[in-house]
2 protein chains.
Amino acid sequence: MSDVKGAAALRATVVFNLGTLGALASDRFAARVEALGLKPKHAGLLAALDAGSAASQQELATRLGVAPSLIVALADQLQELGAVERVRDPEDRRRQALTLTAEGRHLLTRCAEAAEATDAELTAGLTDAQRSALTTGLRTLGARHLPH
Amino acid sequence: MSDVKGAAALRATVVFNLGTLGALASDRFAARVEALGLKPKHAGLLAALDAGSAASQQELATRLGVAPSLIVALADQLQELGAVERVRDPEDRRRQALTLTAEGRHLLTRCAEAAEATDAELTAGLTDAQRSALTTGLRTLGARHLPH
DNA sequence: CCTAAATCATTCGAGCTGTGAACGATATTG
DNA sequence: CAATATCGTTCACAGCTCGAATGATTTAGG
């Protein structure tokens, strides 16, 4: 075997498949939630809001790993859709506490359904064993590298 | 168990982990190849060139799934680095045949090393069984959804 | 042949996404 | 009470990619 690593060596790596498939999966998910008037980041924000209760925009920015100014724009659009409410924290009036409305919870549910539909589409044709091996592998990786 | 699907349901999906981890992995790979003066797309182009021999830029555009105008920019920069050569196809002088130079093959090798290093970093702390389950899962998915 | 249509590479302008530097309002510290 | 820090917001800007227009070349049709 040659010591020259070429295209085959690159394509065989985890990072190559993970990156390519990740982009593909995100695109498919984006196509689905677009019908709800949302981008994937909106779904991420909704999920972050549902996970912990009412959070400041700063906290959300660090949780999602984006700039605070982006949270402003996302929250503006979600507010326009009636999915979130902004309430001044009476204990610290600089803070805007973001909370999910009933409509927001509904949208989050629809997002989860879209994600599951995308999952089904992606993993169609895999055996149950393959599918579960994949999900546990991804979850293990996520537990190790994603802020939980 | 409630019929309201919330944040937990979204975070548990394959598409969520695949998307998030894919972005993370791509960022880490990008950080490594940046030292070579390359972006991930450059590495992808080098790999595509190594896979099949001398290809027209149109073919490469469809192979990589990007606009032909992007290939122009990528090829310009790789040419500047001495990694590729543009040769007019004598059979059809509209076509520019892109070929890897020795320097290009060297760079591709370094890219593959960077990818393997990123792999090691990502999968550190996984058991061998977990790692192989993950790679086979990803490869199965890739074989089904990626242009091969 | 010779003209019309198609194809290739290239340039250029535009859209989208996200960031970072200001700024005003509020809170904290000494 | 003054100085400093923090929060949300606005705004200008950089990065990335695409699509339309262009010129050169090839192919198809009469």
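Worth a mention:
- Counting Cβ atoms of other protein chains within 10 Å of each residue's Cβ and taking the mean over peptide A:114-123 gives 5.
- Calculated FRET value between B:ALA73 and B:ARG139, using beta carbons and R₀ = 35 Å, to 0.05: 0.70
- The orientation-averaged projected area of the convex hull spanned by the Cα atoms of region B:15-67 comes to 4.5 nm².
- Mean Kyte hydropathy of -0.5 or more with a Cα span along the axis of at least 30 Å, helices from DSSP in chain B: B:102-123
- Largest-first ellipsoid semi-axes for region A:1-139, taking √(5λ) over the Cα gyration tensor eigenvalues, angstrom: 36, 19, 13
- Solvent-accessible area buried by A and B, counting both chains, probe 1.4 angstrom, square angstrom: 4900
- Remark: label point of B:GLN130 defined 7 Å out from Cα along the Cα-Cβ vector; separations to the same position in other copies 2.3 nm, ascending.
- Once the chain from B:THR99 to B:SER53 is taken as fully extended at 0.36 nm per residue, the excess over their C-alpha distance is 15.8 nm.
- A Cβ-based charge dipole, computed about the Cα centre of region A:8-148 with Lys and Arg at +1 and Asp and Glu at -1, lands at about 380 debye.
- Label distances, nm, A:ALA143 versus same residue in remaining copies, Cβ-directed 7 Å point: 2.8
- Take B:11-19, A:136-144 and order them by the average number of nearby Cβ atoms within 10 Å per residue, most first; the result is B:11-19, A:136-144.
- When chain B is turned onto chain A, its residue with the beta carbon nearest the axis, and that distance in whole angstrom, is B:GLY22, 1.
- Cα→Cβ-extended label distance, 7 Å offset, between A:ALA31 and B:ALA124, nm: 3.8
- Other protein chain C-beta atoms within 10 Å of residue C-beta, averaged over B:127-135: 4.
- A:VAL87 label point (Cα plus 7 Å toward Cβ) to equivalent points in the other copies: 7.1 nm, shortest first.
- Relative to the Cα centre, the charge distribution of the protein assembly as shown, modelled as +1 at Lys and Arg Cβ and -1 at Asp and Glu Cβ, gives a dipole magnitude of about 40 debye.
- Overall dimensions of the protein assembly as shown, expressed as equivalent-ellipsoid semi-axes from the Cα gyration tensor (√(5λ), whole Å, largest first), are 40, 22, 18.
The values are calculated or read from the model by the stated rules, or taken from the named source; none is laboratory data. Not measured: the values here are computed from a predicted model. So basically every Cβ, Gly included, is an ideal-geometry build from the backbone, and we count neighbours across all protein chains shown. SASA here: full protein model, heavy atoms, side chains in, ligands and nucleic acids out. Shrake-Rupley method; radii C 1.70, N 1.55, O 1.52, S 1.80 Å.
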